[in-house]
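**Student:** Here it is: the structure, laid out below.
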Amino acid sequence: MLNAAIMAAEEGSNPLIPNLWELLVTVVGFLVLMYIVRKFVMPAFEKTFEERTAAIEGGIAKAEAAQAEANAALEEYKQQLVDARTEANRIREEARAEGAQILADLKEKAAAESTRITEQAHVQIEAERQAAVVSLRAEVGTLATDLAGRIVGESLADDARSSRVVDRFLADLESSSSAGAAK
Amino acid sequence: MIALALPAATTEEGFVAPTIDDTHYRDIFPWGGEYGVLLEGGFGKQMLLTILSVVLIAAFFLVASRRRQMVPGKVQFLGETAYGFVRNSIGKDIIGGKDFLKYVPWLFTAFFFVLVNNIFGAIPLLQLPTFSHPGSAYGIAAIFFLLWVGIGVKKHGIRYFKLAVVPSGVPWYILLIVVPIEIISNFIVRPVTHSLRLFATMLAGHLIVTLAGSAIEYMVMTGNILLQGTSVLVLVGSVAMYMLEALIMVLQAYVFTLLAAIYIEGALHADAH
């Protein structure tokens with residue numbers, strides 16, 4: 001080493017021979033820096049990384065839960081929609097059936113009413129015919145007697161007699177007509 | 001040894017090329033030593049820069065890691081990215097396993113310590129990669145040498161040395177050749193190359209910049225118009241070299257840390273190799 005130092009002094013320094021002060025400063029500097037890194041820097045970074053990982057994983061889990069919830073809600077809504085549609089169809093069918101029923105009822109009722117009205121009309125007509133027959137009989141009797149008195153020229157004012165004649169005539173008329181109807 | 005010292009330029013010509021000694025500034029507090037001498041020496045720029053790097057790195061990462069926010073700000077993001085890079089793409093990928101985190105502080109400190117000290121060489125006025133002085137390179141490589149040997153011994157006991165040099169499944173007559181090679185390769189060549197790789201690349205880059213600078217100064221000062229014109233070419237070339245050197249500075253920090261991780265992994269899993 002002494003030899004090398006002498007040569008270095010003569011020929012210019014030997015670049016491979018270290019200065020021990022520089023070596024010492026480097027080693028101490030490195031170890032000090034190493035201590036600071038191990039004690040403060042690295043734990044802080046590692047803790048940050050861990051917290052961040054936890055936060056991200058928590059966020060992902062939360063997002064997955066929210067997604068699942070949303071899917072469940074969607075399924076439920078779809079189910080409800082199907083139910084509602086079925087219900088609507090059922091109600092529509094019912095309404096249609098009910099409508100048909102109502103229509104049928106109304107038709108029946110209308111038919112019954114018309115029958116009733118027709119019968120009533122028949123009865124009324126019969127009654128009116130009877131009334132007409134009764135009033136005609138009285139009037140025809142009077143007219144016929146008057147006519148016959150004028151034709152015969154004899155007074156048929158005797159009411160009793162004339163009335164008897166008319167009654168007999170009408171009775172004949174009726175019997176002949178009923179005999180005709182019977183025949 | 002002598003061949004490694006750059007030859008002093010011939011004195012008959014006007015240009016005197018700078019020697020390695022010129023990369024060593026006068027000590028700030030000299031106590032009578034010279035560069036290249038084992039124990040003597042003063043407190044120089046190199047040591048000041050080393051201390052400055054420790055302060056800068058510690059300050060930045062303490063600030064970056066202090067406010068632990070879920071959504072990081074710019075400084076915190078930068079710090080986390082830097083830390084995550086060493087932690088994951090060097091520590092986790094190379095060492096792996098459950099307990100790689102134990103070794104991340106070593107790798108992290110090594111990477112940024114070497115990186116910042118190298119980058120000093122690319123910053124005007126500072127302009128001195130501290131690892132261009134061999135003491136620093138030996139020191140940091142020695143730390144890692146002791147670290148991975150220590151890890152191996154702690155994990156496998158004294159058997160580690162056997163595991164490290166005797167490959168399994170090799171016949172005895174081959175072992176006669178292989179074992180010495182493995183001893184030399186693992187316990188001598190490895191730490192030496194680990195330090196020299198860093199030291200030599202930094203020194204070479206630094207020398208090139210110094211050489212270009214002094215050459216430009218010389219050419220301009222000659223008063224010869226042709227030489228002055230040529231100095232522009234040197235300037236352009238030196239800028240290109242500066243860029244290359246900046247790349248190498250980053251690359252060497254990465255390589256140093258990567259190798260440290262590989263050595264640690266080798267010591268941890270010596271039985272599997």
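**Student:** Looking for whichever is loosely packed, with under 15 Cβ neighbours inside 10 Å and closer than 26 Å to B:Ser195 by Cβ here; the options are B:Leu247, B:Leu226. Which one fits?
**Tutor:** B:Leu247
**Student:** Within region A:29-48, track down each residue that is more than 8 Å from chain B (Cβ to nearest Cβ), surrounded by 13 or more Cβ atoms within 10 Å (Cβ to Cβ) and not hydroxyl-bearing (Ser, Thr, Tyr).
**Tutor:** Passing the criteria: only A:Pro43.
**Student:** Mind listing whichever residues of region B:51-77 are under 23 Å from the mean Cα position of the chain (by Cα) and not hydroxyl-bearing (Ser, Thr, Tyr)?
**Tutor:** Within region B:51-77, B:Ile51, B:Leu52, B:Val54, B:Val55, B:Leu56, B:Ile57, B:Ala58, B:Ala59, B:Phe60, B:Phe61 meet the criteria.
**Student:** Sort out which residues of region B:164-219 are in contact with a Phe, Trp or Tyr (Cβ under 6 Å, 6 or more places away or on another chain) and among the polar types (S, T, N, Q), and write them in order of number.
**Tutor:** B:Ser195 - this is the single residue of region B:164-219 that is in contact with a Phe, Trp or Tyr (Cβ under 6 Å, 6 or more places away or on another chain) and among the polar types (S, T, N, Q).
**Student:** Consider region B:151-173. How many of its residues are in contact (Cβ under 8 Å) with a residue 60 or more places away in the chain and of a type outside the set (A, V, I, L, M, F, W, C)?
**Tutor:** Residues that pass the stated criteria total 5.
**Student:** Further question on the same structure: When only residues in region B:59-84 that are hydrophobic (A, V, I, L, M, F, W, C) and closer than 25 Å to A:Val27 by Cβ count, which is surrounded by the most Cβ atoms within 10 Å (Cβ to Cβ)?
**Tutor:** Checking each candidate, the answer is B:Phe61.
**Student:** When residues of region B:98-134 are filtered for being touching a Lys or Arg at 6+ places or on another chain (Cβ under 6 Å), among the β-branched types (Val, Ile, Thr) and more than 10 Å from chain A (Cβ to nearest Cβ), how many remain?
**Tutor:** Residues meeting the conditions: 0.
**Student:** Examine region B:87-94 for a residue that is more than 24 Å from B:Glu265 (Cα to Cα), of a type outside the set (A, V, I, L, M, F, W, C) and buried (at least 17 other Cβ atoms within 10 Å of the Cβ), and state whether such a residue exists.
**Tutor:** The answer is no; no qualifying residue exists.
Laboratory data are not the source of any read-out in this text; all were calculated from the coordinates shown. Keep in mind it's a predicted model, so treat the numbers as computed, not measured. Please note: Cβ atoms are built from the backbone with ideal geometry, for glycine as well, and neighbour counts cover all protein chains shown.
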